[in-house]
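A short worksheet on the structure shown next.
The values are calculated or read from the model by the stated rules, or taken from the named source; none is laboratory data. In this text the structure is predicted, and so the values were computed from the model without any measurement. Backbone-built Cβ (ideal geometry, glycine too); neighbour counts: all protein chains shown.
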Amino acid sequence: EKMIRMISGKQAGDLLLSFYFRYPPQHVRVKKIEETASIMLDIQLGNPLSARYPDLSSGLHGLTLLNRKEIDFTNPIYVSNYGTDWKLFIRTYESPVVIRPHFLYSLPPFPLAAAIKPTAETVDWLGKKNISLSRLQAWLQIAENLKIQLEKEENESYRKRQLLTYAECLVRADKYEEPYKLLQQITLTYPDTALATYADILFIYVLAGHEDPFLAAIEINKRQKKLPKKDPLLPYINIFQAELALETDHPKRADKILAADNIAFPEKADLLRLLRQADTYFMSSDTIKALIAYDKLEQKASIIGTHPRSLAQYGDTLYNHQRYAKAVASYQSLVKLINGTDLQPQAMFRLAMSRLHNGEKWIRTIPLFSQIRNAFPGSEGDFRARIKITDIKFLHGVVSADRAAEIYGQTGREANKKQLREEALVKQAMIQALAGNHETSITLAMKILRDFQHGKLTTETEALIISQLPAVLKKMTGDKRYIDALVLAKQNRKFFARGWLGIDLLFDLAHAYEQLGAYDRAGRVYQYILDVASEKDQEKAYVPMIRALYNSGRYDLVEDYGDQYFSRFPDSPAKAEVYLLRIKALRAAGELKAAVRLLERPDRPSSPEIEKTAAHIFFDLNKWQKVITLLTGKKPASWAGGERDYLLAESLFQSGQYKKAIPIYTRLSEEKPYTDQAMFRLAEIYEKIGKPDKALNLFKQLAEKGKDSRWKKLAEEEMEIIGLGLDTFERN
């Protein structure tokens with residue numbers, strides 16, 4: 001709605017002004033102002049609505065986009081889930097807890113060598129003891145047994161199967177170096193055989209678990225294409241491919257792999273497929289589907305509890321869907337499953353939170369959080385527990401606001417995760433707000449916005465500032481801390497620019513600028529208010545803006561805005577004040593004739609200050625009778641005192657009304673700073689009306705006792721003239 005450009009030029013001796021607007025103006029009114037020899041353009045700006053419906057705009061004399069006092073849903077206070085309820089935030093906010101164990105890659109059923117053709121009875125080459133141990137997953141024990149068997153075995157076919165199975169046991173036992181070398185050796189020793197193929201597949205499992213899952217994904221894709229369509233390993237290779245896609249954060253690819261309809265999945269493989277399908281839903285953020293899939297699988301078998309990643313994701317899904325009783329059971333199992341890993345503290349924290357949400361009394365959950373702190377100092381779980389303990393104790397009145405703020409502040413400095421540092425510091429700022437330390441709270445919140453420019457809690461931090469800023473700025477201006485108020489407002493100027501703070505606050509800031517003498521800046525604030533405010537607030541802004549412009553010496557703008565004001569608000573109760581500022585500005589700018597034209601308007605307002613200024617203007621122009629009329633007419637000025645008497649006496653003197661001037665000058669001769677001038681004028685009057693002795697006496701008195709050297713010198717000169725008998729000398 002702003003003017004884009006203005007161009008001036010001359011055409012046929014006239015001044016031509018061209019205005020360019022974003023939208024065609026709806027209405028233009030030109031007003032000639034004879035008093036100031038100027039014109040005023042009153043332009044009703046266009047907007048998207050008037051541009052779209054020009055006929056309607058013309059018929060209705062303009063379409064206005066109203067500045068309604070409605071909720072701005074871009075305002076952080078309304079965007080935030082917590083509004084301004086900081087206790088609700090402290091009680092309910094939880095930063096995301098990420099528990100991501102690596103996927104346990106699904107190997108085909110043990111032993112792989114059983115699938116090598118020609119088939120042989122597994123018990124014949126593996127032995128009953130090893131088969132029994134496999135059910136206990138005693139892989140290293142089986143490997144030791146096979147090492148002994150290999151030394152004695154004479155059947156070459158059995159030896160090959162035993163060698164592959166030995167390597168397989170090492171892979172299942174999560175060994176790295178020995179199977180890494182052995183499997184490559186088998187591949188090189190028995191090229192182009194099923195033994196080499198299976199060794200290569202096992203090698204890719206080692207690669208995925210200990211080196212690079214991305215490279216493993218490429219290699220297994222190559223190998224899968226070479227397997228026969230009826231190979232019994234194919235369903236498990238399919239699941240392994242999906243697991244690698246999930247491990248490398250490609251859930252869509254995993255979903256596509258698992259959707260293959262050309263593979264027959266045996267029962268065990270199908271359970272794994274369903275598990276990974278649920279994992280795919282979770283990693284695709286489709287948590288409802290994930291919850292349903294995990295629940296169905298949980299009812300079928302206990303497979304979830306053997307896979308740490310799936311169990312962690314199932315627990316997270318249960319927790320976020322507020323199924324806390326089941327979440328407790330899941331996290332209890334997870335804590336045991338990942339015991340001794342870096343993820344254990346986070347799992348223990350989630351377990352404690354699940355119990356708290358499940359209705360367990362807070363006094364019983366505090367020891368659970370304390371246990372995490374004691375067992376894993378400096379861990380993510382430690383800092384999470386520290387924050388939650390402080391939350392609970394503050395909300396239940398166990399620790400004071402000061403102590404809670406201290407703990408949050410310390411955690412905000414020390415926590416090993418950015419999101420935890422941000423959470424702790426935001427809560428510290430909120431505690432200060434709740435304690436009534438609003439200025440401190442805003443200072444902390446502003447630092448958070450600087451330090452966490454892309455933080456997760458930016459909205460809440462901005463809401464914290466916006467909710468407190470008006471009261472803090474009002475208090476600062478009320479306490480006459482104008483510089484502090486203006487600095488704080490400038491630091492948060494984006495909130496003003498976006499309209500998230502009320503117009504009233506802008507008035508306070510403009511007032512603060514005025515109090516500091518920064519009238520130019522005050523004027524700019526008021527001009528901004530005119531651009532964004534409703535008509536009622538605009539009327540309220542005009543007077544202080546014009547006053548600020550006057551005080552900053554922008555007399556031309558005083559006249560421009562004064563004209564606008566009288567045109568838009570002709571019946572305003574403040575028109576006398578605006579009128580006064582206009583004539584004072586014209587006088588200060590030396591535009592006395594323009595000021596007189598305003599003063600001579602019959603409908604001009606009147607006030608003691610206006611009459612006083614008018615008297616000065618007429619006095620400056622030597623319009624003595626105008627001054628006399630103003631000060632002694634039917635409506636004499638209510639202003640009294642030496643200044644008023646001086647103007648009247650001098651006007652009477654200059655207009656030759658000496659007798660009327662005598663009593664006034666007599667009074668002034670007793671009043672500073674007019675004493676010397678009044679005595680001189682009295683002496684002049686007595687000389688003019690034929691009383692030279694009296695005149696000489698006054699000149700002598702002034703020359704001897706006067707304070708102003710100028711009037712003393714003039715008095716001495718007059719005495720010399722009178723003494724020389726030149727009292728009839730014609731004086732100018």
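Data overview
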{"quantity": "Residue in the stretch 647-667 that is hydrophobic (A, V, I, L, M, F, W, C), more than 22 Å from Lys712 (Cα to Cα) and outside any loop (DSSP other than H, G, I, E, B) present", "calculated": "yes"}
{"quantity": "Residue in the stretch 606-629 that is touching a residue at least 60 places away in the same chain (Cβ under 8 Å), assigned to a helix (DSSP H, G or I) and under 51 Å from the mean Cα position of the chain (by Cα) present", "calculated": "no"}
{"quantity": "Residue check, Ile239 assigned to a helix (DSSP H, G or I), among the β-branched types (Val, Ile, Thr) and free of Cβ contacts under 8 Å to residues at least 60 places away in the same chain", "calculated": "no"}
{"quantity": "Test result for Tyr561, in a helix (DSSP H, G or I), at pLDDT below 85, hydroxyl-bearing (Ser, Thr, Tyr) and closer than 29 Å to Ala588 by Cα", "calculated": "no"}
{"quantity": "Failed item in (1) touching a helix residue (DSSP H, G or I) at 6+ places or on another chain (Cβ under 8 Å); (2) part of a helix (DSSP H, G or I); (3) free of Cβ contacts under 8 Å to residues at least 60 places away in the same chain, with Ala264 passing the rest", "calculated": "(2)"}
{"quantity": "Residue in the stretch 392-409 that is touching a residue at least 60 places away in the same chain (Cβ under 8 Å) and either buried (at least 21 other Cβ atoms within 10 Å of the Cβ) or under 23 Å from Lys447 (Cβ atoms) (or both) present", "calculated": "yes"}
{"quantity": "Residue ID - surrounded by the most Cβ atoms within 10 Å (Cβ to Cβ), chosen from residues in the stretch 136-145 that are within 60 Å of the chain's Cα centre (by Cα) and farther than 15 Å from Leu107 by Cβ", "calculated": "Ala138"}
{"quantity": "Selection count, the stretch 565-606, where residues are under 22 Å from Asn551 (Cα atoms), of a type in the set (Lys, Arg) and either assigned by TED's automatic domain parsing to the domain that holds Ile43 or surrounded by 15 or more Cβ atoms within 10 Å (Cβ to Cβ) (or both)", "calculated": "4"}
{"quantity": "Inter-residue pairs, beta-carbon under 9 Å, first closer than 9 Å to Val525 by Cα and in the stretch 499-511, second assigned to a loop (DSSP other than H, G, I, E, B) and among the aliphatic types (A, V, I, L, M), 6+ apart", "calculated": "Leu506/Ala533"}
{"quantity": "Residues of the stretch 714-726 satisfying the condition of being within 22 Å of Ala649 (Cα to Cα) and not aliphatic (A, V, I, L, M)", "calculated": "Glu718"}
{"quantity": "Qualifying residue in the stretch 718-729 (condition: over 60 Å from the mean Cα position of the chain (by Cα), among the small types (Gly, Ala, Ser) and at pLDDT below 85)", "calculated": "yes"}
{"quantity": "Those residues of the stretch 386-442 which are more than 23 Å from Gln346 (Cβ to Cβ) and either at pLDDT below 95 or small (Gly, Ala, Ser) (or both), in sequence order", "calculated": "Gly397, Ser400, Ala401, Ala404, Ala405, Gly409, Ala429, Ala433, Ala435, Gly436, Ser441"}
{"quantity": "Qualifying positions in the stretch 489-519 - closer than 24 Å to Ile77 by Cβ, in a loop (DSSP other than H, G, I, E, B) and of a type outside the set (Phe, Trp, Tyr)", "calculated": "Asn492, Arg498, Gly499, Leu501, Gly502"}
{"quantity": "Yes/no for Leu246 being at pLDDT below 95 and crowded, with 18+ Cβ neighbours inside 10 Å", "calculated": "no"}
